[in-house]
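Just dropping this structure here.
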Amino acid sequence: MFQNIEKRDILTVVILIAVVSVFGYYYANPSARNVIWLKTYPIRAELSVRQISCSDDSPTWLSNIIKYRSQHHNSLANQIAYVDKMGKVYHCENGYVGQYPILSNPISEKTRFRYASVTKLWTADAILDLIKDKKLSLDTKLSNIITDINNPRDARINHITIRQLLLHRAGFDRYSVFGNDMFGIGKNICPDNLTGLNDIMLGFDPDSKTSYSNLGYCLLGEVISRLNEEQSYKDIIVQQYSFIDTSLRFVSSSAMKDEVSYNYVETGLTGVGDIYTAFNYDGLASAAGLSGNAIDLAQQVRAMVAKPTPNILSMDEKVTCDISQIAECYGYAMTAYQQKPKSPVVYYRDGSLPGLSSLAAIDEEGGVVALLSNGTPDNGVVGNNKVKMMIYDQLTKD
């Protein structure tokens, strides 16, 4: 019965089996499918940079920065806003709201992005307002307000101050064995298990070094709550900063209708596969819980800068650091950078989550840049610092 089979028929069957096998492999293997998707990035990036729009008279460097982000930092969708020292607003945006270029709507200045750790600016500013209102001081002990701290295993916790929490010098070490970073590392402590502070050991003596801490800012959020008649942190911030008149909203475990999609896919066997459900955003409200657009971010930050000192630009005289290193000198809310002695200072607050980056930059004359992106660079800190330097060069031009 096989005598009449031609070579062409055999070739057809082999091709069909190969096609079915390849299709079946990628259908059953999401990680392999995601790898193929990532390899299409240069094509998607080229489509993204062709979709740039700017407000009238916007400086060309705004579009240059978001073009660079698209071409080099895995960010297919970006917003950048610049409020100059006179208060005039400029903005540019590029890319598409959805995952697929051309098939989804282009990004507008109103599209929502998650702010990640840039959220900490509101927490720091609210704490500094309480200090100016004489409701606490920089040297107030956390244990005086968080009364859940009683007879801790590590006695040093009794002496943690508001100043140390703002400066990331309270002793919480995200790189230690126990972590205490709130992103699935270490014990669940804040905000729902504050008695857990009695059971942990600090990673280092408070004030002996700087170590970035999300837990510290969650605790500051709880301080804000307890000094405002136990209202929730979210309710306080929404009212105090008039969110009703802005795009700003707290995020949850699902995407909002006007929110951009994020350029993140899981390619390994383990790790974060869904940035919406991987984190407890209610617990992270005071550290990484806000969203909105770049224009509202820039305008809110500018209003914070206009407040009397101590404000979000204030540095602590007791802390020594090398201001010529772009991410070393932490103040009460931002890091300060000065390229060389007598050159201008620019202040930064950045943030990231899988598939998104955020940045606010402020110059000495009150100009503010806000940059929101739906991706993160492969080279991490190095890549983000490159963008900071690009902004620094523009904000400090004579």
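Please treat every number below as a calculation from the coordinates, not as lab data. Please read these numbers as outputs of a predicted model, since none were measured by experiment. So basically every Cβ, Gly included, is an ideal-geometry build from the backbone, and we count neighbours across all protein chains shown.
Based on the alpha-carbon gyration tensor of segment 195-325 and its eigenvalue square roots a ≥ b ≥ c, which shape applies: rounded if a/c is under 1.5, prolate if not and a/b is larger than b/c, or oblate?
Note, shape of segment 195-325 comes out rounded.
Of the trypsin sites (Lys or Arg not before Pro) in segment 37-98, which ones lie in a loop per DSSP and count no more than 13 other C-beta atoms within 10 Å?
Hits after loop and neighbour filter: Arg50, Lys85, Lys88.
Along the Cα→Cβ direction, 7 angstrom out, place labels at Glu230 and Val381. What is the inter-label distance in nm?
Going by the 7 Å Cα→Cβ label model, 4.2 nm.
Oh, and also: Report the Stokes-Einstein translational diffusion coefficient (µm² s⁻¹, integer) for segment 59-129, Rh taken as the Kirkwood radius over Cα pairs, at 4 °C with viscosity 1.567 mPa s.
After rounding, the answer is 93 µm²/s.
What is the sum of charges around Ile162, taking Lys and Arg as +1, Asp and Glu as -1, for the other residues whose C-beta is under 10 Å from the C-beta of Ile162?
Net charge around Ile162: +1.
Please turn the phi angles of segment 338-348 into ³J(HN,Hα) values with the Karplus equation 6.51 cos²θ - 1.76 cosθ + 1.60 (θ = phi - 60°), one per residue in order, whole Hz, x for glycine and proline.
Karplus-based 3J(HN,Hα) across segment 338-348 equals 9, 4, 7, x, 6, 7, x, 9, 10, 10, 10 Hz.
Can you work out ³J(HN,Hα) from phi for every residue in segment 274-286, in order, using Karplus 6.51 cos²θ - 1.76 cosθ + 1.60 and θ = phi - 60°, giving whole Hz and x for Gly and Pro?
These are the phi-based 3J(HN,Hα) values: 9, 5, 6, 9, 6, 10, 8, 5, 5, x, 8, 3, 8 Hz.
For segment 354-361, just list the computed ³J(HN,Hα) in residue order, Karplus coefficients 6.51, -1.76 and 1.60, θ = phi - 60°, integers in Hz, with x standing in for Gly and Pro.
Result, rounded to whole Hz: x, x, 7, 9, 9, 7, 10, 10.
Same structure again: Output the pairs from Lys88/Lys234; Lys141/Lys234; Lys307/Lys386; Lys110/Lys135; Lys132/Lys397 with a Cα-Cα distance over 25 Å in this structure; if there are none, say none.
Lys88/Lys234; Lys307/Lys386; Lys110/Lys135; Lys132/Lys397
Starting from the Cα of Glu328, step 7 Å toward the Cβ, then list every residue of segment 207-226 with an amide N under 13 Å from that point.
Counting backbone N atoms under 13 Å from the label point, the list is 210.
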